[in-house]
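Down below is the structure, laid out as structure tokens.
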Amino acid sequence: MAAPATPLEFLAPGWFSIVMGLCGLSLAWHRAVPLLGDGAGAAALVLGGIAALAAVVLAVASTWRWHRHASAVAEDLHHPVRHVFVAAMPVSMILLSTVAVAVSGPNLWARGLWVVGSVWQLAVTVWVLSRWLAPAGGLPAGSFWMGMTPALLIPVVGNVLVPLAGVSLGYGAWSTAQFGVGLFFWPLVIGLLVVRIGVAGLWPQRLLPTTFITMAPPSVIGLAALQLGAPDTVAWAAWGIALAFALWSASVLRRALDQPFAIAAWALSFPLAAFSALSLRLAPGAALPFQVLALAMLALATLVVAALVLATVKGLRRGTLLVPEPVAPAAAAPAGEQATPAV
């Protein structure tokens, strides 16, 4: 007789998107120091501490889950959609290192997190891409396009995050190399997403919040390019691309929110925070209207993360999170959308 399911069994790697969102918001507030003063730096420090605490809790829980529910972990690794969220763990480590460097300067903990996170991220990138070359695509039959969602940007393009802390830690050459990996695959993944829409329809409603992930790569690329010594014009071009993806993603916002809260909603957090961070990085040398816009983006990102935290706490109390994912039958899928398993 099978043992009864427990909430821990459903703690998929996607939960680390909470750490990503909190770290992103911490970095955005750090970028606001030139405009808002030391209070913004204090906010960045507090948010970084909360992100670190969340990371420790999730890391311990995930390790216990691997010990108690190895089959559930294996299911995540073979899932056509959820497998890409494994990258949320090394990305969280890279972001925690970046926050540590931002608020306290280079240190041993930041260096350790960065080294492990960057190597792990590259390994996950190779693993995800190698599934495409495995027999039957490494995925269940007919599920290749099912896995083409914006979440694929996390493992494949997440490498562009590496320079944010790597340059300050003295790993400029490696940071540039890994940045190049993410930069190369970014347009490729966007192209695959467009083809997926034409071939299999838009990703299902429960995955619509992941559409906002498309904002993150150009935002991070702009920040990383400046860290690597690129001229401001490169960052401004990246900001314009990020803005275009923000407006594009906003077209599905109502549908994304018109459903019960799920952890996939955290996909809104890091992209908004990253876009705010790039805006604030460019703001000191820009005109006053742009500075106001950058601060407004910071306020929006903060409100969104606060709302997500409250919704997550409420969901955990009510028992609506950490439960089996719903899988709608194909007949129930809206026109133009494929009945893809949820995250």
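The values are calculated or read from the model by the stated rules, or taken from the named source; none is laboratory data. Just so you know, these numbers come straight off a predicted model, no measurement behind them. Ideal geometry is used to build each Cβ from the backbone, glycine not excepted, and the neighbour counts take in all protein chains shown. The protein model used for the area step is the full one, side chains on, heavy atoms only, and it has no ligands, DNA or RNA in it. Shrake-Rupley method; radii C 1.70, N 1.55, O 1.52, S 1.80 Å.
If you go through segment 251-267 and keep only what is buried (at least 21 other Cβ atoms within 10 Å of the Cβ) and free of Cβ contacts under 8 Å to residues at least 60 places away in the same chain, you end up with 256, 265.
Counting only residues that are β-branched (Val, Ile, Thr) and farther than 26 Å from residue 144 by Cα, segment 74-114 holds 5 of them. Of all residues in segment 18-40, those satisfying the criterion of being surrounded by 17 or more Cβ atoms within 10 Å (Cβ to Cβ) and among the aliphatic types (A, V, I, L, M) are 18, 19, 20, 22, 25, 27, 28, 32, 33, 40.
Of the residues that make up segment 55-65, is at least one surrounded by 20 or more Cβ atoms within 10 Å (Cβ to Cβ) and within 19 Å of residue 104 (Cβ to Cβ)? Yes, that holds for at least one residue.
Of the helices (runs of 4 or more DSSP H) lying entirely inside segment 184-279, those carrying at least 2 residues that are over 24 Å from residue 302 (Cβ atoms) and either of a type in the set (A, V, I, L, M, F, W, C) or over 20 Å from the mean Cα position of the chain (by Cα) (or both) are 232-250. Just checking, does segment 189-211 include any residue being open to solvent by 10 Å² or more (accessible area, probe 1.4 Å), free of Cβ contacts under 8 Å to residues at least 24 places away in the same chain, out of contact with any Asp or Glu (no Cβ under 6 Å at 6 or more places or on another chain) and of a type in the set (Gly, Ala, Ser)? For segment 189-211, residues open to solvent by 10 Å² or more (accessible area, probe 1.4 Å), free of Cβ contacts under 8 Å to residues at least 24 places away in the same chain, out of contact with any Asp or Glu (no Cβ under 6 Å at 6 or more places or on another chain) and of a type in the set (Gly, Ala, Ser): present. Would you check if residue 81 is out of contact with any Asp or Glu (no Cβ under 8 Å at 6 or more places or on another chain) and either more than 21 Å from residue 263 (Cα to Cα) or at pLDDT 95 or above (or both)? Considered against the rule, which asks whether it is out of contact with any Asp or Glu (no Cβ under 8 Å at 6 or more places or on another chain) and either more than 21 Å from residue 263 (Cα to Cα) or at pLDDT 95 or above (or both), residue 81 comes out as no. Of all the numbered requirements in (1) under 22 Å from residue 286 (Cα atoms); (2) crowded, with 20+ Cβ neighbours inside 10 Å, residue 43 misses one, and that requirement is (1). The condition (being closer than 23 Å to residue 44 by Cα and in contact with a Pro (Cβ under 8 Å, 6 or more places away or on another chain)) is satisfied by just one residue among 118, 104, 97, 92: 118. Remark: pairs (first residue in segment 278-300, surrounded by fewer than 14 Cβ atoms within 10 Å (Cβ to Cβ); second residue part of a helix (DSSP H, G or I); Cβ separation under 6 Å; 6+ apart in sequence or on different chains) = 284/34. Within the span defined as segment 101-116, one or more residues are under 29 Å from residue 26 (Cα atoms), over 20 Å from the mean Cα position of the chain (by Cα) and crowded, with 20+ Cβ neighbours inside 10 Å.
Number of residues in segment 310-338 that are of a type in the set (A, V, I, L, M), open to solvent by 60 Å² or more (accessible area, probe 1.4 Å) and either at pLDDT 95 or above or in contact with a Ser or Thr (Cβ under 6 Å, 6 or more places away or on another chain) (or both) equals 3. Within segment 72-95, the residues that satisfy the criterion of being of a type in the set (A, V, I, L, M, F, W, C), more than 18 Å from residue 157 (Cα to Cα) and in contact with a helix residue (DSSP H, G or I) (Cβ under 9 Å, 6 or more places away or on another chain) are 72, 73, 77.
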